[in-house]
Amino acid sequence: MTVITTDILLEGIRRDSVFDWLGEPAHHQALLNGALRDLRKLDDQSYEGKVPSKPVDRPLRYVFDRKDDSHGGRRILCRTEGRRLAGSLNYSLRTMKPSTNTLLTIHLDYQPGRLLGAVLDSTILRRELETVLKRIAQNASAAIPRD
């Protein structure tokens, strides 16, 4: 299992506002636009696109799962599907000082596969997925309305 995380500080947006916005599956298209190529909506909770990669783009399915506040924090749970990309993608939210700021952490766990997958992951795929997550974080900062 490979793990990638990225953080972004959302200034002027309270944690509960971010949680409510991310909790709407329809809003996730705004997060994925520009991060994945050839993005298309499959149904109310899933999207399909391509991770820009060399030598070929990699198909990825992104599925919104649910909002989770059971552990005292706030998380949005999603999953990814695709060859060498199957795993979970979670958005975790923490209140920062001042309380009008929220730290958004995007956490991706995925299975790159065995021997060939591990080689591809260490040379190409991980770097490309890091770029995708950073773009999603930037999109979140631009798309989520300020309080």
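List the number of the failed condition for SER17; all other conditions in (1) polar (S, T, N, Q); (2) more than 15 Å from SER92 (Cα to Cα); (3) in contact (Cβ under 8 Å) with a residue 24 or more places away in the chain hold.
Against the list (1) polar (S, T, N, Q); (2) more than 15 Å from SER92 (Cα to Cα); (3) in contact (Cβ under 8 Å) with a residue 24 or more places away in the chain, SER17 comes up short only on (2).
If you take just the strands (runs of 3 or more DSSP E) that sit entirely in the stretch 20-117, which of them hold at least 2 residues that are touching a residue at least 60 places away in the same chain (Cβ under 8 Å)?
By residue number, 86-96, 101-111.
When THR80 is evaluated against the numbered criteria (1) among the polar types (S, T, N, Q); (2) in contact with a helix residue (DSSP H, G or I) (Cβ under 6 Å, 6 or more places away or on another chain); (3) at pLDDT 95 or above, which criterion, by number, is the only one it fails?
Here THR80 clears every test but (2).
Looking at THR100, THR95, can you tell me which residue is among the hydroxyl-bearing types (Ser, Thr, Tyr), surrounded by 13 or more Cβ atoms within 10 Å (Cβ to Cβ), farther than 26 Å from LEU125 by Cβ and touching a helix residue (DSSP H, G or I) at 6+ places or on another chain (Cβ under 6 Å)?
THR95
Give the residues of the stretch 37-74 that are buried (at least 19 other Cβ atoms within 10 Å of the Cβ) and closer than 24 Å to LEU103 by Cβ, sorted by residue number.
Answer for the stretch 37-74, where residues must be buried (at least 19 other Cβ atoms within 10 Å of the Cβ) and closer than 24 Å to LEU103 by Cβ: TYR62, PHE64, ARG74.
The values are calculated or read from the model by the stated rules, or taken from the named source; none is laboratory data. Please read these numbers as outputs of a predicted model, since none were measured by experiment. Note: ideal-geometry Cβ built from the backbone for every residue, glycine included; neighbour counts use all protein chains shown.
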